[in-house]
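Undergrad: The structure's right below; bear with me while I get my questions together.
We did not get these values from a lab; they are worked out from the coordinates using the rules stated. Please read all numbers here as calculations on a predicted model, not as lab measurements. When we count neighbours, we look across all protein chains shown, and the Cβ atoms used for this are built from the backbone with ideal geometry, even at glycine.
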Amino acid sequence: MAHIIVVGNEKGGSGKSTTCMHVATALVRAGFKVGALDLDLRQKSFARYIENRLAYLARVGLTLPSPVYTDLPEIAPEALAEGENLYDRKISEAVTALEATCDFIVIDCPGSHTRLSQVAHSLADTLITPMNDSFVDFDLLARIDPESGKVKGPSIYSEMVWQARQLRAQAGLKPIDWIVLRNRLGAQQMVNKRKVGAALEELSRRIGFRVAAGISERVIYRELFPRGLTVMDLKDTGVDQLNLSNVAARQEVRDLVKELRLPGVDHTP
């Protein structure tokens with residue numbers, strides 16, 4: 001069965017789609033077959049990223065390893081069993097179709113609480129939660145006492161992950177490996193970074209996730225989206241001399257994939 005990687009965060013602007021594309025592309029470049037699903041039915045940033053990639057490669061005549069994207073299938077209401085949820089059926093059929101040929105499936109969730117997101121979290125073998133490095137985004141995971149800075153308790157999102165873990169345990173599936181990514185770490189605001197880091201470490205011990213460095217705030221990530229490229233592709237697209245920022249970006253993606261500890265992945269491309 002394919003290993004399912006779910007990228008979820010109920011706040012927008014945390015870099016979910018960029019994380020999805022870079023993880024998926026790193027895996028296909030390492031020789032794995034990777035399927036892709038985008039459950040954000042409104043914005044579909046991950047889907048458009050892959051669409052941009054295929055269009056660019058066709059336009060310039062290049063062949064690069066790419067994830068295989070599929071849309072959720074159309075299901076006629078009369079095809080549903082009594083009491084069956086339409087979105088449950090859609091995601092089940094999409095995942096089943098990809099599992100037939102893929103080693104990994106990367107699923108991008110919307111930045112809001114939806115039925116599709118709930119189901120996807122229960123399917124996750126690996127859950128990646130990107131967050132911007134601030135207490136605004138930390139509120140996604142837990143409530144903080146404003147005076148002491150101590151963690152008061154988990155957030156609604158953390159409770160949803162706990163419920164997904166319970167469902168998997170009841171079904172006899174292996175536990176979710178949950179990784180919180182500190183995206184857009186800047187060089188400044190060192191005091192804030194230390195405070196957020198300390199709060200994350202405390203919370204990770206309480207509710208069971210790992211903390212990892214994610215994708216930094218770099219111009220290159222925004223520039224690559226229209227062509228559907230990742231920092232792993234630069235040398236294959238005629239960029240002979242990589243600047244230091246691009247080299248650092250490529251290394252942070254390698255480090256991220258390594259930190260995920262995915263089955264069968266013993267190196268990064």
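Undergrad: Which of the residue pairs LYS150/LYS258; LYS11/LYS235; LYS16/LYS174; LYS90/LYS152 have a Cα-Cα distance greater than 26 Å in the structure shown? Present the calculation step by step, with values, prior to reporting the outcome.
TA: Values: LYS150/LYS258 31 Å; LYS11/LYS235 33 Å; LYS16/LYS174 24 Å; LYS90/LYS152 37 Å.
Where the Cα-Cα span goes over 26 Å, the pairs concerned are LYS150/LYS258; LYS11/LYS235; LYS90/LYS152.
Undergrad: Please arrange ASP103, ASP139, ASP38 by counting, for each residue, the other beta carbons lying within 10 Å of its beta carbon, fewest first.
TA: Details: ASP103 20, ASP139 14, ASP38 25.
With the sparsest Cβ surroundings first, the list reads ASP139, ASP103, ASP38.
Undergrad: If you filter region 1-103 for GluC sites (Glu not before Pro), then keep DSSP loop positions with at most 16 other Cβ within 10 Å, what is left?
TA: Those satisfying the criteria are GLU74, GLU82, GLU84.
Undergrad: If Lys and Arg each add +1 and Asp and Glu each add -1, what is the summed charge of the other residues whose beta carbon sits under 9 Å from the beta carbon of LYS11? Please list the in-between numbers first.
TA: Numbers: positive: none; negative: GLU10, ASP137, ASP139.
Around LYS11, the charge tally is -3.
Undergrad: Right, something else. Net charge near ARG53: determine it from the other residues with C-beta under 10 Å of the C-beta of ARG53, scoring Lys and Arg +1 and Asp and Glu -1. Don't skip to the end; give the middle numbers.
TA: Numbers: positive: ARG48, ARG227; negative: GLU51, ASP233.
Residues close to ARG53 contribute a combined charge of 0.
Undergrad: Label region 1-106 by shape, choosing from rounded, prolate and oblate, from the square roots a ≥ b ≥ c of the eigenvalues of the Cα gyration tensor; if a/c is under 1.5 it is rounded, and otherwise prolate applies when a/b is larger than b/c, oblate when it is not. Can you show the working numbers first?
TA: Numbers: a/c = 1.80, a/b = 1.59, b/c = 1.13.
Judged from the Cα gyration tensor, region 1-106 comes out prolate (a/c at least 1.5, a/b above b/c).
Undergrad: I need LYS16, LYS11 ordered by Cβ neighbour count within 10 Å, fewest first. Intermediate results must be reported in sequence, preceding the final value.
TA: Numbers: LYS16 26, LYS11 17.
Going from least to most buried by this count: LYS11, LYS16.
Undergrad: How much of the pair distance distribution for the chain lies past 30 Å, counting alpha-carbon pairs only, in percent? Before the final figure, lay out each step's value.
TA: Working: 10261 of 36046 pairs.
That fraction is 28 percent.
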